[in-house]
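Accompanying notes for the structure given below.
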Amino acid sequence: MKLLGIKVGNGLGLGKALIIDTKLPELTKGTADSKKEIKKVFKAIDESIIDYEDIIKVLKDDDLKSLTEFNKNVLISPSIKTELEKIINEQQCYGDVAIDIYFANKIKQLENLDNNYLKERAKDVKDIRHKVLAKYYGIKEFNPNLLKEDVILVSNEMTANVLLTDNLEHIKGVVSLLGGKTSHIGILTTSLGIPSVFGIEVKNISNDDLIFIDGNKGFVKTNLKEDEIKKIKEKIKIEIELNKELDNVKEAKTLDGYKFEVSANAGDLTELEKINSIPLDGVGLFRTEFLYLNKTTPPTEDYLFEVYKSFVTKLDNKLMIIRTLDIGGDKKCPYIDIKEEANPFLGYRAIRYCLDHKDFFKTSLKAILRASAFGNIAIMYPMISSKEEISKANEILEEAKQELIKEKIKFKKDIKVGIMVEIPATAVIADMLIEEVDFFSIGTNDLVQYTTAVDRGNTQITSLYNWFNPGVIRLIKNTIDATKEYDDKFVGMCGEMAADPLGIILLVGLGLDEFSVNMNMVKRTKKYISLLNKEETTKFVESLLTLTTAKEIEDKLNKYAKENYGKFY
Amino acid sequence: MISKKVVVKKESGLHARPGSELVDLAMEFKSDIFLLKGNNRVNAKEVLEILSADINFNDEITIEVNGEDEKEALKTLEEYITK
């Protein structure tokens, strides 16, 4: 059975399902012997600290180390023991109740903050509470050091504790119901290279069943048949070989010598640290939402400027495309007045909101302009559906420039300006809009959704969400073609299609200039491009344009991929 | 007691990782150390307090130190926060 979930950590894995029961006994009711309980609680804390210290000693991975150090620091807090003692003495309760009260307060404080990052940290504190309680009850925790065979860990709410080890060789995947990309377990699996898929119910998986996890596509397969297992093993072998090859990847140059740009999508300060370790040609999509969502008041021009500057100065003059705010009724922000809407993706959002809130928009543009004095920055407007919107946005940009000139602040006067092509109406008139801009960036995630009228979250119609739908391909082709008459303009794509092995063939053939993909897909995308011959691929893709169904197109692409990617596909 | 206003230059603010490192530094000193942001005053030896103060890049905060090794402590923390 195939179980669809949310892909988090890339990679493929095969192993026996190991369901981790994270349930603890119910809290003990009644009046306790305070002295005895205080002793027991202190012991639980001390033992937990020792556990964390032991783990820190053997850890080599920096992310794991810093997380474990954070956990330890929570427990060596100067006040934790006195506070717990106080709770036990005042309430005459059992130690587990006191531990629960103490941590519940801390968790609540973090959850009440208006900052998504800190809300996630509340989950780490839950993990710590879990550990201390387990010690209190004398429950032996899951110990990865004792694993003897390959497993895929499965839990309703996986705690990061399970991965705090240097013995990860038998852990082939992590499946959890709760958690997201920015949860600690999510960050950990990504940085450790462990495939992970979230959003899957444990009840669908039985303990000890051999299961397959695909963290690239986001699913888990159970009840595997013999021939399936054979195929999966083959696939995993190829994946390992491909990963080895990826270490040497530098540029995306086709066999016949054409060079393509492969840049990364970014939108989170933690990515700042990764920028220099990945051979990216730039940042093709810098999402600015995170700078707005975590605040109670709008971010100031200075603050935005400093963040953009810190990113662009790390990029060595490579292009960084900053997308202006793309926010709508689906994301709440206290100072942004967008009502809850029935269809936020068809609603008052992004540039539509910004054009109505001129000063707010101008502030964000001034910050981008100021940062342009420190590196190669371009501006991109999202959700453009007409020429008028581009003109209006550019008018405000011009005002922002004039103000900076008056304030005698430096910026790049001829900064490049582009738009996202994600609304079908825009793609259709790409040839009319190209004169207004320096570049297009095709946002396929939304373009496919709007063109096929499919909400990708709706599981009953996911099969209709397909970027090989001939209608979608025509729009992409139309957009790319519109830029070809101009030597100084370019067209990129930010969206998952740009990192899809089959999508890459189509896009190289259609003549896309820039592929902007998730950080961890940069090398892979470069590798695939470098396995193709541009001129041959162009001819091949031309032959696809007459096909009338997505299925035929995919089948042909599949065959071409096998011929050209060889063992890597 | 001594104190000093500083501007946070840690790019990701004083959140989990830098917050934790700050606690490690603060623990080395005998002095009481507090960080003040707006009306919020938090103990620099308590990682959860630092976290919940939500101190971000470019925020102006005050370091307040009281104790026998206060000078050394202030210097060390200031260096860490503004580096």
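The values are calculated or read from the model by the stated rules, or taken from the named source; none is laboratory data. Bear in mind that the values here come from a model prediction, so they are computed numbers and not experimental data. Note that each Cβ is placed from the backbone with ideal geometry, even for glycine, and that neighbours are counted across all protein chains shown. Heavy atoms of the whole protein, side chains included, go into the accessibility calculation; ligands, DNA and RNA do not. Shrake-Rupley method; radii C 1.70, N 1.55, O 1.52, S 1.80 Å.
If you scan region B:1-22, which residues turn out to be open to solvent by 60 Å² or more (accessible area, probe 1.4 Å) and more than 12 Å from chain A (Cβ to nearest Cβ)?
Matches in region B:1-22: B:1, B:3, B:4, B:5.
In region B:29-49, how many are of a type in the set (A, V, I, L, M) and farther than 18 Å from residue A:73 by Cα?
Adding up the residues that qualify gives 1.
Could you tell me which of the residues A:111, A:169 is modelled with pLDDT of 85 or more, within 14 Å of chain B (Cβ to nearest Cβ) and open to solvent by 60 Å² or more (accessible area, probe 1.4 Å)?
Just a single option satisfies the conditions, and that option is A:111.
Of the residues A:119, A:123, which single one is among the basic types (Lys, Arg), free of Cβ contacts under 8 Å to residues at least 12 places away in the same chain and closer than 30 Å to residue A:299 by Cβ? It would help to see each step written out before you state the result.
Values: A:123 fails: free of Cβ contacts under 8 Å to residues at least 12 places away in the same chain.
Being among the basic types (Lys, Arg), free of Cβ contacts under 8 Å to residues at least 12 places away in the same chain and closer than 30 Å to residue A:299 by Cβ holds for just one of A:119, A:123, which is A:119.
Mind checking whether some residue in region B:50-72 is within 11 Å of chain A (Cβ to nearest Cβ) and within 15 Å of residue A:79 (Cα to Cα)?
Yes.
Which pairs turn up if I take residues in region A:488-509 that are in contact (Cβ under 8 Å) with a residue 40 or more places away in the chain and closer than 14 Å to residue A:427 by Cβ and look for partners that are open to solvent by 10 Å² or more (accessible area, probe 1.4 Å) and part of a helix (DSSP H, G or I) with beta carbon separation below 6 Å, at least 6 apart in sequence or on another chain?
A:495/A:445
Inspect all residues belonging to region A:91-105 and state whether any of them is away from chain B (no Cβ under 14 Å) and under 30 Å from the mean Cα position of the chain (by Cα).
Our first condition is that a residue be away from chain B (no Cβ under 14 Å); within region A:91-105, this holds for A:91-101.
Now narrow it down to the ones that are under 30 Å from the mean Cα position of the chain (by Cα): none.
No, the conditions are met nowhere in region A:91-105.
Please go through region A:304-330 and pick out each residue that is part of a loop (DSSP other than H, G, I, E, B) and open to solvent by 10 Å² or more (accessible area, probe 1.4 Å).
Answer for region A:304-330, where residues must be part of a loop (DSSP other than H, G, I, E, B) and open to solvent by 10 Å² or more (accessible area, probe 1.4 Å): A:313, A:314, A:316, A:317, A:318, A:326, A:329, A:330.
For the condition open to solvent by 10 Å² or more (accessible area, probe 1.4 Å) and in contact with a Leu (Cβ under 7 Å, 6 or more places away or on another chain), what is the one hit in A:533, A:520?
It is A:533.
Condition first: of a type in the set (Asp, Glu), closer than 17 Å to residue B:59 by Cα and surrounded by fewer than 17 Cβ atoms within 10 Å (Cβ to Cβ). Now tell me which residues in region A:255-303 satisfy that.
A:302
Considering (1) assigned to a helix (DSSP H, G or I); (2) free of Cβ contacts under 8 Å to residues at least 12 places away in the same chain; (3) more than 21 Å from residue A:268 (Cα to Cα), say which one residue A:400 fails and leave the rest.
Going through (1) assigned to a helix (DSSP H, G or I); (2) free of Cβ contacts under 8 Å to residues at least 12 places away in the same chain; (3) more than 21 Å from residue A:268 (Cα to Cα) one by one, residue A:400 breaks only (2).
Could you tell me whether region A:396-408 includes any residue that is within 29 Å of residue A:500 (Cβ to Cβ), small (Gly, Ala, Ser), in the same structural domain as residue A:353 (by TED's automatic domain parsing) and crowded, with 17+ Cβ neighbours inside 10 Å? It would help to see each step written out before you state the result.
Step one: list which residues in region A:396-408 are within 29 Å of residue A:500 (Cβ to Cβ), which gives none.
No: region A:396-408 contains no residue that is within 29 Å of residue A:500 (Cβ to Cβ), small (Gly, Ala, Ser), in the same structural domain as residue A:353 (by TED's automatic domain parsing) and crowded, with 17+ Cβ neighbours inside 10 Å.
Let me confirm something: among A:87, A:80, which residue is within 14 Å of another protein chain (Cβ to nearest Cβ), open to solvent by less than 40 Å² (accessible area, probe 1.4 Å) and aliphatic (A, V, I, L, M)?
A:80
Filter region A:285-303 down to the residues that are assigned to a loop (DSSP other than H, G, I, E, B) and away from chain B (no Cβ under 13 Å) and list them by number.
Within region A:285-303, A:287, A:288, A:298 meet the criteria.
Of the numbered conditions (1) more than 10 Å from chain A (Cβ to nearest Cβ); (2) in a loop (DSSP other than H, G, I, E, B); (3) closer than 26 Å to residue A:187 by Cα, residue B:25 satisfies every one except a single condition; which is it?
All conditions pass for residue B:25, except number (2).
Going through region B:41-59 one residue at a time, which ones are in a loop (DSSP other than H, G, I, E, B) and of a type outside the set (Phe, Trp, Tyr)?
B:44, B:45, B:46, B:53, B:54, B:55, B:56, B:58, B:59
Quick check: is even one residue across region B:29-40 in a strand (DSSP E or B), touching a Gly at 6+ places or on another chain (Cβ under 9 Å), crowded, with 22+ Cβ neighbours inside 10 Å and within 12 Å of chain A (Cβ to nearest Cβ)?
yes
Search region A:263-284 for residues that are within 12 Å of chain B (Cβ to nearest Cβ) and pair each with any residue that is at pLDDT below 85 and assigned to a helix (DSSP H, G or I) when their beta-carbon atoms are under 7 Å apart and the residues are at least 6 apart or on different chains.
A:268/A:290
Is it fair to say residue B:81 is open to solvent by less than 10 Å² (accessible area, probe 1.4 Å), within 12 Å of chain A (Cβ to nearest Cβ), closer than 23 Å to residue A:290 by Cβ and modelled with pLDDT under 95? Steps first, please.
On the way: open to solvent by less than 10 Å² (accessible area, probe 1.4 Å): yes; within 12 Å of chain A (Cβ to nearest Cβ): no; closer than 23 Å to residue A:290 by Cβ: yes; modelled with pLDDT under 95: yes.
Spelling it out, it is not the case that residue B:81 is open to solvent by less than 10 Å² (accessible area, probe 1.4 Å), within 12 Å of chain A (Cβ to nearest Cβ), closer than 23 Å to residue A:290 by Cβ and modelled with pLDDT under 95.
Scan region A:426-464 residue by residue and report those that are more than 15 Å from residue A:484 (Cα to Cα) and more than 28 Å from the chain's Cα centre (by Cα).
A:428 - this is the single residue of region A:426-464 that is more than 15 Å from residue A:484 (Cα to Cα) and more than 28 Å from the chain's Cα centre (by Cα).
Suppose the filter is open to solvent by 60 Å² or more (accessible area, probe 1.4 Å) and not in a helix (DSSP H, G or I); does residue A:359 pass it?
no
Which ones in region A:225-254 are open to solvent by less than 30 Å² (accessible area, probe 1.4 Å) and not β-branched (Val, Ile, Thr)?
Answer for region A:225-254, where residues must be open to solvent by less than 30 Å² (accessible area, probe 1.4 Å) and not β-branched (Val, Ile, Thr): A:239, A:242, A:246, A:252.
Mind counting the residues in region A:364-379 that are open to solvent by 40 Å² or more (accessible area, probe 1.4 Å) and either under 13 Å from residue A:288 (Cα atoms) or not assigned by TED's automatic domain parsing to the domain that holds residue A:416 (or both)?
0
Can you pull out every residue in region A:247-270 that is among the basic types (Lys, Arg) and at pLDDT below 95? Before you say what the answer is, go through the steps one by one.
First, the residues of region A:247-270 that are among the basic types (Lys, Arg): A:250, A:253, A:259.
Answer for region A:247-270, where residues must be among the basic types (Lys, Arg) and at pLDDT below 95: just A:250.
What are the residue pairs meeting all of these: first residue in region A:216-239, first residue part of a strand (DSSP E or B), second residue polar (S, T, N, Q) and open to solvent by 50 Å² or more (accessible area, probe 1.4 Å), Cβ atoms under 9 Å, and 6 or more apart or on different chains?
Once the first residue is part of a strand (DSSP E or B) and sits in region A:216-239, its partners that are polar (S, T, N, Q) and open to solvent by 50 Å² or more (accessible area, probe 1.4 Å) give A:220/A:204.
Which ones in region A:40-64 are facing another protein chain (nearest Cβ under 10 Å) and crowded, with 16+ Cβ neighbours inside 10 Å?
The one that is facing another protein chain (nearest Cβ under 10 Å) and crowded, with 16+ Cβ neighbours inside 10 Å: A:63.
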